[in-house]
Amino acid sequence: MRIICFAKQVPDPEVPAASFKIDPATNKAAPVAGVAPVINGFDLNAIEAALRLKEKHSATVTVISLGKNLVQDVIKKPLSMGCDELILLQDDAFEDGDAASIAEALALAVKKAGQFDLILCGRQASDTDRGQVGPAVAELLGLPCVTLAKGVETGEGTVKVERVVADGTEVVEAPLPALVTVSNELGEPRYPTLRGIMTAGRKTPTVWTAADIGADPGKVGAKGRTVSTVKLFIPQVEKNCEFIAGENGADAGRKLALRLREVKLI
Amino acid sequence: MTNQGILVVAEIAGGKVSPVTHEALALAHKLQPKLGGGVAALAIGAVSDAVAKSLISHGATKVYAVSAPGLAAYSPDAYVQVVQQVIAKANPRLVLLGQTDIGRDLAPKAAFHLKATLTMDCVDLGVEGAAIRATKPVYGGNAQAIYESAAALHMATIRPKAFEAMPANDAAHGVVEQVSVTIDQSKVKVKTLEMKKEQAQGLRLEDAPVVISGGRGLGGPEPFVKLEELAKILGGAVGASRAVCDAGWQPVAKQVGLTGKTVTPDLYIAVAISGASQHMAGCSGAKNIVAINKDKDSSIFKESRFGVVGAWEEVLPAFTEMCRELRGA
Ligand SMILES: Cc1cc2nc3c(=O)[nH]c(=O)nc-3n(C[C@H](O)[C@H](O)[C@H](O)COP(=O)(O)OP(=O)(O)OC[C@H]3O[C@@H](n4cnc5c(N)ncnc54)[C@H](O)[C@@H]3O)c2cc1C
Ligand SMILES: Nc1ncnc2c1ncn2[C@@H]1O[C@H](COP(=O)(O)O)[C@@H](O)[C@H]1O
């Protein structure tokens with residue numbers, strides 16, 4: 001079995017709101033000094049799902065990542081976790097795409113990569129918070145698509161997925177090949193092992209340009225966008241917090257209740 | 001023919017129209033003068049008179065009712081076909097859905113299939129000249145982006161509670177049109193085998209006037225009993241941060257935030273929650289946020305009206321006791 005995973009390098013989503021700034025030149029988040037980018041968390045969940053299947057069914061796992069300024073140590077993490085192959089889509093022509101134009105490039109890369117059974121990707125990227133690229137790739141490749149997986153199991157020519165829904169879960173089945181987007185409920189991604197890190201160090205990622213995958217320059221990157229960005233801004237939410245103090249914690253707790261009663265909140 | 005008007009894809013749960021559908025209808029009403037056409041709703045499944053009436057009284061002048069075998073429960077590949085056929089009939093300029101578990105799945109599948117443009121989790125929508133402008137939180141809520149589309153057909157999902165529904169107008173008139181669709185079963189690839197619904201106990205988190213949420217700082221599942229006790233006294237429900245749900249201290253259905261539930265209670269009490277932007281995405285619409293946290297620099301205080309800096313082990317029991325006394329509970 002061959003599994004393809006998508007992995008995106010994103011700014012660390014856990015930086016405190018106070019250090020979040022926008023770079024007006026790029027209309028993107030400005031890098032925070034001393035904070036390295038990471039692989040999108042949900043993509044690591046997808047990779048974890050792939051590696052669990054690999055352990056069970058002896059699969060190979062190929063990771064595809066599209067981006068600029070990729071940090072080697074970061075982008076190689078899937079290899080050190082146990083994935084077999086890494087393909088990087090790097091070309092100025094891929095820059096500043098939206099979901100449609102990123103999906104176009106990823107779908108072409110999947111086609112070039114050859115035969116596969118399953119594509120696993122994150123439910124959404126933590127910078128765009130979008131959740132569109134997975135279904136868009138599925139549409140371009142004509143694949144059945146299952147979103148928000150917390151468990152993925154393959155059988156004879158099928159994939160069975162436990163999905164997260166509003167008040168519980170749902171089990172669905174689809175024929176392979178298929179695309180599944182994975183959510184954090186799948187569970188913690190594994191840590192790279194020392195051996196994994198050594199193996200990853202020896203592997204050289206394959207790099208493909210727009211020409212390599214036969215992309216129509218008008219359909220990828222900024223030129224292929226269907227939705228344009230007008231503005232990116234930081235909403236102002238600062239409220240003046242009234243701190244309730246007391247002689248000790250318990251006293252403060254009692255005073256908080258009294259204050260809430262005063263303003264009729266309880 | 002140029003596309004006109006707005007189509008709201010209704011969500012019906014337990015025989016009732018979901019609040020987010022009413023919110024979408026109110027938004028559609030606001031945008032309608034600029035987009036021309038009318039405000040229509042698409043209801044899929046067993047569409048009762050009560051459902052049709054609820055859609056009309058909240059702003060739909062037309063209801064496309066689609067019932068066919070296999071449509072009672074959500075099935076993405078069948079629903080995409082329904083949406084496609086009704087859009088072909090209604091020719092809307094804008095299609096609205098809720099950012100719910102169904103909207104998250106259906107909107108991108110339908111939009112990319114129909115080659116429509118798409119913006120999801122919108123907190124504002126407007127019309128600027130010939131284009132539709134959508135505002136949505138990005139970077140976990142640290143920023144917001146405004147996107148623009150001039151395409152003939154745009155689809156958008158709206159964040160629950162970001163828009164206010166109009167009060168029901170029982171005198172409103174609307175037409176119900178039964179639409180028969182043909183579902184190509186060979187295209188229905190994703191099949192549901194089993195539903196595992198967890199019956200929510202008591203008040204639904206989304207409907208509770210008071211929500212008490214606990215975070216990782218509680219240290220384990222046991223302290224949630226204390227939050228339940230407080231919730232009972234205040235007539236509220238208990239929520240949690242993702243860190244808590246990831247750790248299995250609370251079920252996923254209790255998660256508040258970007259990838260969890262959106263709540264807008266009158267009072268939101270955050271106990272030992274740091275206030276990460278992705279958490280606040282689900283509760284910043286609360287009218288009053290109160291935080292108990294031992295770290296005075298915690299982000300949660302920036303969005304709180306009242307705060308106590310202290311360990312919950314000390315603050316919470318005394319707070320709960322005083323609440324009990326004041327409420328005579
Ligand atoms: C793409 C993405 C989506 C996400 N979606 C969500 C989401 O939907 N919902 C969500 O909640 N999170 C979400 N997160 C995670 C989010 O970024 C935070 O990691 C999470 O909210 C942190 O949970 P917490 O505040 O409980 O834990 P922590 O950040 O660990 O905070 C614990 C807090 O408890 C305080 N504390 C510790 N001990 C005590 C004590 N004894 N008394 C009082 N206070 C104490 C600490 O000072 C600290 O502020 C998402 C993250 C990403 C990247
Ligand atoms: N540049 C990229 N490179 C690789 N995968 C991507 C890229 N952009 C998006 N994806 C994948 O698509 C998912 C959804 O992205 P989005 O639609 O931006 O929220 C992500 O979790 C990734 O798995």
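The values are calculated or read from the model by the stated rules, or taken from the named source; none is laboratory data. Just so you know, these numbers come straight off a predicted model, no measurement behind them. We place every Cβ from the backbone using ideal geometry, glycine too, and count neighbours over all the protein chains shown. These accessible areas exclude ligands, DNA and RNA; they are computed on the full protein's heavy atoms, side chains included. Shrake-Rupley method; radii C 1.70, N 1.55, O 1.52, S 1.80 Å.
Looking at the structure I just gave you, is A:A257 at pLDDT 95 or above, outside the structural domain of A:Q115 (by TED's automatic domain parsing) and open to solvent by 60 Å² or more (accessible area, probe 1.4 Å)?
no
Limited to the range A:227-252, what total is found for residues that are among the polar types (S, T, N, Q) and open to solvent by 70 Å² or more (accessible area, probe 1.4 Å)?
Going through the range A:227-252 one residue at a time, the tally reaches 3.
I'm trying to understand the selection: among the residues of the range B:172-225, which are assigned to a loop (DSSP other than H, G, I, E, B), within 21 Å of the chain's Cα centre (by Cα), on the phi < 0 side of the Ramachandran plot and not charged (D, E, K, R)?
B:Q199, B:A200, B:Q201, B:L203, B:A208, B:P209
Per-residue answers, yes or no, for (1) out of contact with any strand residue (DSSP E or B) (no Cβ under 7 Å at 6 or more places or on another chain); (2) modelled with pLDDT of 95 or more; (3) surrounded by fewer than 22 Cβ atoms within 10 Å (Cβ to Cβ):
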site: B:A73; (1), (2), (3): no, no, yes
site: B:V83; (1), (2), (3): no, yes, no
site: B:A88; (1), (2), (3): yes, yes, yes
site: B:E148; (1), (2), (3): no, yes, yes
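Could you tell me which numbered condition A:G201 fails, if it satisfies all but one of (1) over 26 Å from A:A113 (Cα atoms); (2) over 22 Å from the mean Cα position of the chain (by Cα)?
It fails just one condition, (1).
Taking into account only those residues within the range A:6-23 that are of a type outside the set (K, R) and within 15 Å of ligand 2 (Cβ to nearest atom), which is nearest to the other protein chains (Cβ to nearest Cβ)?
Only one residue tops the list, namely A:P13.
Only residues that are crowded, with 23+ Cβ neighbours inside 10 Å and assigned to a loop (DSSP other than H, G, I, E, B): list them for the range B:235-244, please.
Residues satisfying the conditions are B:G236, B:S241.
Do you know which residues across the range B:31-57 are assigned to a helix (DSSP H, G or I) and surrounded by 17 or more Cβ atoms within 10 Å (Cβ to Cβ)?
Selection gives B:L31, B:Q32, B:L35, B:V51, B:A52, B:K53, B:S54, B:L55, B:I56, B:S57.
Only one of (1) open to solvent by 20 Å² or more (accessible area, probe 1.4 Å); (2) farther than 30 Å from B:L267 by Cβ; (3) assigned to a loop (DSSP other than H, G, I, E, B) is not met by A:A215, so which one is it?
Of (1) open to solvent by 20 Å² or more (accessible area, probe 1.4 Å); (2) farther than 30 Å from B:L267 by Cβ; (3) assigned to a loop (DSSP other than H, G, I, E, B), only one is false for A:A215: (1).
Would you point out the residue of the range B:242-278, among those that are under 17 Å from the mean Cα position of the chain (by Cα) and hydroxyl-bearing (S, T, Y), that is nearest to ligand 1 (Cβ to nearest atom)?
Taking the candidates together, the pick is B:T259.
Could you list, ordered by first residue, the pairs with Cβ atoms under 9 Å in which the first is in the range A:132-144 and open to solvent by less than 30 Å² (accessible area, probe 1.4 Å) and the second is basic (K, R) and part of a helix (DSSP H, G or I), at least 6 apart or interchain?
A:P135/B:K109; A:A138/B:K109
Filter the range A:114-143 down to the residues that are of a type in the set (A, V, I, L, M, F, W, C), within 15 Å of ligand 1 (Cβ to nearest atom) and assigned to a strand (DSSP E or B) and list them by number.
A:C121
For residues that are more than 7 Å from chain A (Cβ to nearest Cβ) and outside any helix (DSSP H, G or I), scanning just the range B:301-329, find the one that is surrounded by the most Cβ atoms within 10 Å (Cβ to Cβ).
Per the stated criteria, the residue is B:A329.
Give the number of residues within the range A:162-193 that are part of a strand (DSSP E or B) and either more than 7 Å from every other protein chain (Cβ to nearest Cβ) or buried (at least 16 other Cβ atoms within 10 Å of the Cβ) (or both).
Matching residues across the range A:162-193 total 16.
For the range A:220-266, give me each residue that is β-branched (V, I, T) and either in contact (Cβ under 8 Å) with a residue 24 or more places away in the chain or more than 7 Å from every other protein chain (Cβ to nearest Cβ) (or both).
Once the filter is applied, which keeps residues that are β-branched (V, I, T) and either in contact (Cβ under 8 Å) with a residue 24 or more places away in the chain or more than 7 Å from every other protein chain (Cβ to nearest Cβ) (or both), the range A:220-266 yields A:V220, A:T226, A:V227, A:T229, A:I234, A:V263.
Select, from A:K150, A:K111, the only residue that is more than 16 Å from ligand 1 (Cβ to nearest atom) and open to solvent by 40 Å² or more (accessible area, probe 1.4 Å).
Exactly one of A:K150, A:K111 is more than 16 Å from ligand 1 (Cβ to nearest atom) and open to solvent by 40 Å² or more (accessible area, probe 1.4 Å), namely A:K111.
Taking into account only those residues within the range A:144-161 that are assigned to a loop (DSSP other than H, G, I, E, B) and more than 7 Å from every other protein chain (Cβ to nearest Cβ), which is nearest to A:G134 (Cα to Cα)?
A:G157
Quick one: in the range B:245-272, of everything that is over 25 Å from A:L148 (Cα atoms) and in a loop (DSSP other than H, G, I, E, B), which residue is farthest from the other protein chains (Cβ to nearest Cβ)?
Within the range B:245-272, the match that is farthest from the other protein chains (Cβ to nearest Cβ) is B:A272.
Within the set of pairs 6 or more residues apart or between chains, which connect a residue that is within 14 Å of chain A (Cβ to nearest Cβ) inside the range B:169-190 to a residue that is among the β-branched types (V, I, T) with Cβ atoms less than 9 Å apart?
So the pair list comes out as B:K187/B:V80; B:V190/A:V146; B:V190/A:V161; B:V190/A:V172.
Any residue at all in the range A:45-60 that's more than 14 Å from chain B (Cβ to nearest Cβ), touching a Lys or Arg at 6+ places or on another chain (Cβ under 8 Å) and within 16 Å of ligand 2 (Cβ to nearest atom)?
Yes: one or more hits.
Going by the structure shown, is A:L118 closer than 30 Å to B:S277 by Cα and either at the interface with chain B (Cβ under 7 Å from one of its Cβ atoms) or touching a residue at least 40 places away in the same chain (Cβ under 8 Å) (or both)?
no
In this structure, is A:R123 over 22 Å from B:K187 (Cβ atoms), within 13 Å of the chain's Cα centre (by Cα) and open to solvent by 30 Å² or more (accessible area, probe 1.4 Å)?
No.
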